[in-house]
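Data block below; observations after.
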Amino acid sequence: MSAHMRPIDRELDEMYAVLKRRQPVASAREQVAAIYPRIHTAGDAAALRLAKDRYKKLQDEIRPALTYAASELPLGADIEFHLSDRGPDATAWCSARSPGMPIEVTNATDDDSAARIKHGYEDHRAYSTEEAVKVIAAGIVRCVNRKRRHARTVIIDAPLNVLPARKWPDAMAQIAGQLPESRCPAIFVVGYNDGNDACHRLK
């Protein structure tokens, strides 16, 4: 480890090393929650928001997977992160004796139109329900098409803050009707909405 590394970089490396080991979902969430204030103290809020450099795995894989796990898995479930560019992003276990469940995470804003709606929200631009649902639905469909041949549980991270939380149940039902046929037995959409983590099941 370089002597020139910043303290926050060392803390991130240590956290990533721990998250590669199987552990209770609650423990993983505690570690991730504890690192965020230190990231802001280090002056890296912009890099965190953009999921740049050392924060990409945290924002694009770990945070969405933990949002899903906290919402959908039973108490006592375990998780480990692979933090690799090959294979699933994480594996979860519902109990000590249950088989591992591969999890893949993807992002509904990995295209120009969805990225614009995300950044427009951050710039306080208002969107109609129809406009937001149309753009995010298109991003979700692209995600499913990319993952449908080799994933079993797919977590799609989306900018849910573009609409109030009360509008998303109906919007998700509308989006679910647009999904292509897929071998994925479980598809979830996660995001931050009205001050809380949110998770919606599409399939």
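The values are calculated or read from the model by the stated rules, or taken from the named source; none is laboratory data. For clarity, every value in this text was computed on a predicted model and none was experimentally measured. Cβ placement follows ideal geometry from the backbone for every residue including glycine, while neighbour counts extend to all protein chains displayed.
Structural remarks
- Where Gly87 falls short, out of the listed (1) buried (at least 19 other Cβ atoms within 10 Å of the Cβ); (2) at positive phi: (1)
- Members of segment 1-57 found to be among the acidic types (Asp, Glu) and either exposed (fewer than 14 other Cβ atoms within 10 Å of the Cβ) or farther than 27 Å from Gly76 by Cα (or both), listed by number: Asp9, Asp13, Glu14, Glu30, Asp44, Asp53
- Filtered residues of segment 12-56 (kept if within 17 Å of Ala92 (Cα to Cα) and either among the basic types (Lys, Arg) or assigned to a loop (DSSP other than H, G, I, E, B) (or both)): Lys20, Arg21, Arg22, Arg29
- Residue in segment 110-117 that is outside any helix (DSSP H, G or I), at pLDDT below 85 and not β-branched (Val, Ile, Thr) present: yes
- Considering segment 172-186, the residues that are in a loop (DSSP other than H, G, I, E, B) and among the hydrophobic types (A, V, I, L, M, F, W, C) include one that is modelled with the lowest pLDDT, namely Cys184.
- Check on Val189, modelled with pLDDT under 85 and crowded, with 16+ Cβ neighbours inside 10 Å: no
- Residues that are in a helix (DSSP H, G or I), buried (at least 17 other Cβ atoms within 10 Å of the Cβ) and of a type outside the set (A, V, I, L, M, F, W, C) within segment 58-84 comprise Gln59, Asp60, Glu61, Arg63, Pro64, Thr67, Tyr68, Glu72, listed in sequence order.
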